[in-house]
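Following: one structure in structure tokens, then a few remarks.
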Amino acid sequence: MSVTDDIGVLQREAWAAGILPPVEQVRDGLWSIPVPMPRNPLRYVLVYAFAIDDGLALVDVGMDTEESWNALVDGIAETGHHISDVRYAAITHLHPDHFGLAPRLRETTGAVLAMNAAEAAALGHFTPADVAAEAEAWRVDMTELGAPDEVAEAPRFEIVRFPAGESADVVLSGGDRLDLPGWNIEAVWTPGHTPGHLAFLDRDHDLLFSGDHMLPRISPNISSGPGELENPLHRYLLSLHATTALPECEVLPAHEYRFRGVADRARRLMAHHDERLDEIRSAVDAHPESTAWEVTTRITWSRPVDVMSPRLRRLAVRETQAHLIVLADRGEIRSDGGVPARWSLVRTDTKEI
């Protein structure tokens, strides 16, 4: 379809209607392609396709399912290209809806895969023993948060990894320029959602491909845990603060719909987490010696904790823990160091004698 001047209108309407948005040409030689995410409330990931001299380049690729692959192939066909025309794929981060189809894409097309070093390292080949060790590390970690067994043992989403002996073709750091003829796109390191999350800034066309770093409607999950950042929320807040200094431009996120207002959205997300920190501090104050799980059950969510699936409850308690870590780092709460760890407020008030 033709270039649209209405920022994200069709995508917003499709989101509200609970349907897949259309493939859109958002600039000359640039298209957004919705790729479905089966059994996921986010419903789809937006893959972005750029026309380059000898074919196409992509930002993100979609989940490793046949439905997703077919949608990617069909969406690329709507741009007037063939899947075999893909030469390059820049990956924002390691989550399956963003990286999942990358090994299949490279095997099918020979496309160059580019990502941050932290993501590439985390996607290295795992032996069965590695898989078992990782699962046990997560189970132990969840137990330390006080999570019940059905939450601690809930299956995690399966990371699609590189085949043995393979890794990323190009490792990107913040400030690196993508090798895409005809485009002036640089990587912007935005850790928080994952350790090596990248956004991509096109200064010539005033575009920010934000991945999951910045979405128009919701805050991305910020979780602690094995293999994650030691203080992920702190890093995410720093990334948001840095984002406020980026040029004002159109934001092309990985989910939901396109929007404008980079700095404003970053500030709103920071304010959201400030409110969340206040709520969690109050919950700890009202119930001293609470575990992360107990705090999770006492704060507000988009739906009650008791109706969440075990997987969503696991994400919720991990996000609560990320906020507790920030409060502890600020000296406002402290842990007793036990298993499970119990949190209490640090009292600074004194009485006159």
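The values are calculated or read from the model by the stated rules, or taken from the named source; none is laboratory data. Quantities reported herein were computed from a predicted structural model and do not represent experimental measurements. FYI the Cβ positions are ideal-geometry reconstructions off the backbone, even for glycines, and counts take in every protein chain you see. These area figures cover heavy atoms from the full protein model, side chains too; ligands, DNA and RNA do not enter into them. Shrake-Rupley method; radii C 1.70, N 1.55, O 1.52, S 1.80 Å.
The charge dipole of segment 212-339, taken about its Cα centre with unit charges on the Cβ atoms of Lys, Arg (+1), Asp and Glu (-1) only, comes to about 400 debye.
A compact globular protein would have a Cα radius of gyration near 2.2 N^0.38 Å; the ratio found for segment 49-166 is 1.26. Average projection, convex hull of the Cα set of segment 144-220: 8.4 square nanometres.
Here HIS125 sits with roughly 100 square angstrom of accessible surface, probe radius 1.4 Å. Three principal axis extents describe the C-alpha atoms of segment 163-207; from largest down they are 38, 27, 13 Å.
So what are segment 187-254's ellipsoid semi-axes, whole angstrom, largest first, if each one is the square root of 5 times an eigenvalue of the alpha-carbon gyration tensor?
Semi-axes (√(5λ), whole Å): 22, 11, 10.
Computed with the Debye formula from one identical point scatterer per Cα of segment 243-353, without solvent, the log10 of I(q)/I(0) at q = 0.12, 0.16, 0.17, 0.24 Å⁻¹ comes to -0.56, -0.84, -0.90, -1.26.
Send over the semi-axes of segment 125-172's equivalent ellipsoid, whole angstrom and largest first, taken as the square roots of 5 times the C-alpha gyration tensor eigenvalues. Let's see the in-between values first.
Numbers: eigenvalues 157, 28, 16 Å².
Semi-axes, largest first: 28, 12, 9 Å.
Test of understanding: express the Cα radius of gyration of segment 182-324 as a ratio to 2.2 N^0.38 Å, with N the residue count.
Numbers: Rg = 16.4 Å, N = 143, 2.2 N^0.38 = 14.5 Å.
That ratio works out to 1.13.
Cα-based values for segment 99-188, radius of gyration first and Dmax second, are 17.2, 53 Å. Within the assembled protein chains, the solvent-accessible surface assigned to GLU275 is about 120 Å², based on a 1.4 Å probe.
Can you give the Kirkwood hydrodynamic radius for segment 285-346, in Å, rounded to one decimal and based on Cα pairs?
Values: mean 1/r = 0.0833 Å⁻¹.
Roughly 12.0 Å, rounded to one decimal.
Using alpha carbons only, the radius of gyration of the chain set against its Kirkwood radius gives Rg/Rh = 0.99.
Here the Debye sum runs over all C-alpha atoms of segment 1-99 as equal scatterers in vacuum, and log10 of I(q)/I(0) at q = 0.10, 0.19, 0.21, 0.25 Å⁻¹ comes out as -0.24, -0.91, -1.11, -1.46.
Can you give the net charge of the other residues whose Cβ lies under 11 Å from the Cβ of HIS205, counting K and R as +1 and D and E as -1?
Working: positive: ARG27, ARG203; negative: ASP28, ASP202, ASP204, ASP206, GLU250.
Taking every other residue near HIS205 into account, the sum is -3.
Max-minus-min Cα coordinates of segment 18-73 on each principal axis give 37, 21, 14 Å, with the largest extent listed first. With contacts taken as Cα pairs under 8 Å and at least 6 residues apart, the chain reaches a relative contact order of 14 percent.
For segment 54-156, the Cβ-based charge dipole about the Cα centre amounts to some 420 debye (Lys, Arg positive; Asp, Glu negative; other atoms uncharged). When only the Cβ of Lys, Arg, Asp and Glu is charged (+1, +1, -1, -1), the dipole of the chain relative to its Cα centre reaches about 720 debye.
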